[in-house]
Structures are given as C-alpha cells and as structure tokens.
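All remarks here apply to the structure that follows.
The values are calculated or read from the model by the stated rules, or taken from the named source; none is laboratory data. These figures come from a predicted structure and were not determined experimentally. Cβ: placed from backbone, ideal geometry, glycine included. Neighbour counts: every protein chain shown. Protein only, heavy atoms only, side chains kept; ligands, DNA and RNA dropped before computing areas. Shrake-Rupley method; radii C 1.70, N 1.55, O 1.52, S 1.80 Å.
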Amino acid sequence: VDISPETRDLLSHYLFSVGAQPTATASGAAALEQFRSDPTAFDLVILDRQLDGMSGAECVREIRSMSTSVLIVGFTGDLSNIEEFERAGLDCILTKPLNKQRLANE
C-alpha cells in the first residue's frame, strides 16, 4: 500500500519476480477492503506510513484486528516520529529506497 504509483509498480515487480502474487493499492481504505474480503489470502502486507485518508498505523491496527498471523512490513523513507507506526503492530520496517536484493533478504 503506497500512494506513489511508481513505488507500487516497483514493489509489485520485485515481489512478482520472487514468485509472489502481489496486490497493490493506493490507499489504506482500499487495502482494508481487499483484506476484509479474504484475510487468509494474504501472507504479507507492505505499507507506507503515510497513506491517503488514514495513517499507516491506523491501517496496521485494523489489519491486526482481523489477523494476527499476517506479516506486516512498514515501508517508509522518513524514520522521524516512527514510534506510533511501530507500536501499531508492525513485524518490521524497511526503509526507502529499496532494491530487489534487500527486499528478498530482509
């Protein structure tokens, strides 16, 4: 989940190249709608801290209320004031920019 189409395309490409079947959305609301429709269809959620209409932390809390087993990765270029994002229930944080090797290894 990222508001930047370029970031969504890049992450989707990276994930597809390692055998994943990514679903990309531009907003937290769209991500929650897809997740609610079938929470078991997702093994991993990668989302930015700043989303349209809600914060990444709010989106993480909503996803966690539906599933405690899905891996949730925060993805941000701004590590200032990151505490709320971390406390919301992230499993880890990746920083931008990201390349395919780092995504596969981390």
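Please pick out the residue among Thr68, Thr25 that is of a type outside the set (D, E, K, R) and open to solvent by less than 50 Å² (accessible area, probe 1.4 Å).
Selected residue: Thr25, the only one of Thr68, Thr25 that is of a type outside the set (D, E, K, R) and open to solvent by less than 50 Å² (accessible area, probe 1.4 Å).
Return the only residue of Asp78, Asp9 being over 14 Å from the mean Cα position of the chain (by Cα) and acidic (Asp, Glu).
Selected residue: Asp78, the only one of Asp78, Asp9 that is over 14 Å from the mean Cα position of the chain (by Cα) and acidic (Asp, Glu).
Looking at the range 36-57, which of its residues are out of contact with any strand residue (DSSP E or B) (no Cβ under 7 Å at 6 or more places or on another chain), of a type outside the set (Val, Ile, Thr) and at pLDDT 90 or above?
The answer is Arg36, Ser37, Asp38, Pro39, Ala41, Phe42, Met54, Ser55, Ala57.
Can you name the helices (runs of 4 or more DSSP H) wholly within the range 1-87 that have at least 2 residues being without any contact (Cβ under 8 Å) to a residue 40 or more places away in the chain and within 18 Å of Pro97 (Cα to Cα)?
It comes to 5-17.
Identify, from the list Ile3, Ile46, the residue that is out of contact with any Pro (no Cβ under 8 Å at 6 or more places or on another chain) and open to solvent by less than 50 Å² (accessible area, probe 1.4 Å).
Unique residue meeting the criteria: Ile46.
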